[in-house]
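The values are calculated or read from the model by the stated rules, or taken from the named source; none is laboratory data. Everything quoted here is computed from the prediction, not taken from an experiment. In this analysis, Cβ positions are derived from the backbone assuming ideal geometry, glycine residues included, and neighbour counts consider all displayed protein chains.
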Amino acid sequence: MTPETWTRSNAMRLVTAFVVAVLVAVSAATSARSVSAASRPVAVVHGIELIAEHTQGTFSGYATGGLPGGWLAVVDHTPLHPGARITGGTFTLITKRNGLAHPLVGRFTGGTITMTSPGAHCTNQTFKVRGGLAHFSGDGTGVFSVTLTHWRHLVLGTCLSYFATTDGTLTISS
């Protein structure tokens, strides 16, 4: 593929293929017990922001605890000024059930993104992201609650975000 034919669509396909491969690999490498939605399993989630757009963030990572595996979240939101409302998006976790890969999929129904530290003098910014999930693998609901950290550094007088990480929890109930 030449640079002239490279498009945003091609980039999204590449990122999607990479994320799916990572999710499958993490799921295959993680041993898990059988998951029951009524038991309110809690997963500790860690990840990175793959794509940051004006009104959408795409995140991926791994989960440990009651729901181990790989996850992908696409969070639609209002513009950050300095906080935002979550307006939609999807959350997918690939875990194991009875030794087989088992996807758990839900939709964001709302929530908030709240700046908890503005990162004075180009230090890291932090946000509390809390989103409600519905239709989680059927009729279940859930809560995705993470701290989003924008890692920043001053370069030639300009404050640049160069990386973003997430750490928090995922709770699911029936």
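In the range 95-118, which residues are modelled with pLDDT of 95 or more and not in a strand (DSSP E or B)?
Hit for the range 95-118 is Pro118, nothing else.
Quick test for you: out of Thr114, Thr141, pick the one residue that is of a type in the set (Val, Ile, Thr) and within 15 Å of Leu93 (Cα to Cα).
Only one candidate qualifies: Thr141.
Which members of the range 146-155 meet the condition of being surrounded by 16 or more Cβ atoms within 10 Å (Cβ to Cβ) and of a type outside the set (A, V, I, L, M, F, W, C)?
The answer is Thr149, His150, Arg152.
Restricting the search to the range 52-82, which residues are over 9 Å from the mean Cα position of the chain (by Cα), surrounded by 15 or more Cβ atoms within 10 Å (Cβ to Cβ) and either without any contact (Cβ under 8 Å) to a residue 60 or more places away in the chain or in a loop (DSSP other than H, G, I, E, B) (or both)?
Correct list: Tyr62, Gly66, Leu67, Pro68, Gly69, Gly70, Asp76, His77, Leu80.
Check His135, His102 and return the single one that is more than 18 Å from Thr58 (Cβ to Cβ) and exposed (fewer than 15 other Cβ atoms within 10 Å of the Cβ).
His135
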